[in-house]
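Contents: one structure, followed by commentary.
The values are calculated or read from the model by the stated rules, or taken from the named source; none is laboratory data. Bear in mind that the values here come from a model prediction, so they are computed numbers and not experimental data. Because the Cβ atoms are built from the backbone with ideal geometry, glycine has one as well, and the counts that use them run over all protein chains shown.
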Amino acid sequence: MIKKNILVTGSNGLLGQKIIYELVKRNNVNLIASSRGNNRLVNKSGYNYIDLDITNKKDVDKVILEIQPHAVINCAAMTNVDACENNKKACWDINVNAVEYLARACESVDAHLLHISTDFVFDGNSGPYRENDMPNPLHYYAESKLASEKIVEKIMTRWSIARTIIVYGITDNMSRSNLVLWAKSEIEKGNMINVIDDQFRSPTLAEDLSNGCIKIIDQGAYGIYHLSGPKTYSILELVYIVADFYKLDKSLINPISSDSLNQPAKRPLVTGFVIDKAKENLGYNPVDFFEGIAIMDQQIKKNEI
């Protein structure tokens, strides 16, 4: 049996962890996880870990040349939208320059590169969006992600781009929260929370996104794929659903408009994805948001035991 070498960058993040834990179950894969700093996954067996800063071209070239990967899944990115607006150099370094280093290195060894992108490449005026709809980024993070998409398409022969939306889930050693955990925690504490009522998204369970990415690699599915949850909701609706699931006090949820936040980066109002292509080509079948919360809740309870 010939084993495929698969490298996952950004393996300490939510998506990266889910992909590692899924692929480590396979006996036909030599799995290499990589991120900056130490490995934060609890399970450290069944794969190799590399401390890799993908903004260092020399290191990227060295690792790709040594591993000779069949496929690379790039989960590494600077994703805090307002931080990207305020620190444009750091944003461009990891979201664009590093992607070019990966793309050129992967192309040199004929590797398949799967790059993760975002619904934010669209302006939110006509969502939900299909893969061939015209991007129009509203802020610097979105500009960086669109630029990285174009680099991948231009440089590479074997490439895929998976765009996604509001990824939620549970990870090992979780350093960052997400919409579900934030809303649950704040309302349980009795805190009033402000929630925007004029932005619409298709939230994505991390396991579903992971499965979609692995299907792309398994099937050699090239091009752009939209991988998100199946339904589009307002952010306010999402928080109400969290409150309903946990039987929390919805009077603590205060609807506000996007304009009232005065955020450095302007968010698109209505995104959401049409995921027909992923369903038909990949067999992608994501759960709805309520079911996704139930899956997360079981994982939280399991970790508490």
message: Given the criteria among the basic types (Lys, Arg), surrounded by 13 or more Cβ atoms within 10 Å (Cβ to Cβ) and either touching a helix residue (DSSP H, G or I) at 6+ places or on another chain (Cβ under 8 Å) or at pLDDT 95 or above (or both), does LYS250 qualify?
response: no
task: Among residues belonging to the stretch 278-292 that are under 16 Å from ILE165 (Cα atoms) and of a type outside the set (Phe, Trp, Tyr), point out the one that is surrounded by the fewest Cβ atoms within 10 Å (Cβ to Cβ).
output: ASN285
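Could you check, for the stretch 261-273, whether at least one of its residues is in a helix (DSSP H, G or I) and surrounded by fewer than 17 Cβ atoms within 10 Å (Cβ to Cβ)?
yes
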statement: Restricting the stretch 60-87 to residues that are part of a helix (DSSP H, G or I) and either modelled with pLDDT under 95 or under 18 Å from the mean Cα position of the chain (by Cα) (or both), the one surrounded by the most Cβ atoms within 10 Å (Cβ to Cβ) turns out to be CYS84
- request: Out of the residues in the stretch 165-189 that are in a loop (DSSP other than H, G, I, E, B) and touching an Asp or Glu at 6+ places or on another chain (Cβ under 8 Å), state the one that is modelled with the highest pLDDT.
  value: ILE165
The stretch 256-283, residues that are under 18 Å from LYS215 (Cα atoms) and either out of contact with any Phe, Trp or Tyr (no Cβ under 8 Å at 6 or more places or on another chain) or of a type in the set (D, E, K, R) (or both): ASP276, LYS277, LYS279, GLU280, GLY283
message: Among the residues in the stretch 1-19, are any of a type outside the set (Phe, Trp, Tyr), in contact (Cβ under 8 Å) with a residue 12 or more places away in the chain and farther than 27 Å from TYR225 by Cβ?
response: yes
query: Within the set of pairs 6 or more residues apart or between chains, which connect a residue that is farther than 12 Å from ILE161 by Cβ and hydrophobic (A, V, I, L, M, F, W, C) inside the stretch 129-149 to a residue that is modelled with pLDDT of 95 or more and part of a helix (DSSP H, G or I) with Cβ atoms less than 7 Å apart?
result: ALA142/PHE120; ALA142/VAL121; ALA147/VAL96
- prompt: Which of the residues belonging to the stretch 102-114 are crowded, with 24+ Cβ neighbours inside 10 Å, part of a strand (DSSP E or B) and touching a Lys or Arg at 6+ places or on another chain (Cβ under 9 Å)?
  reply: LEU113
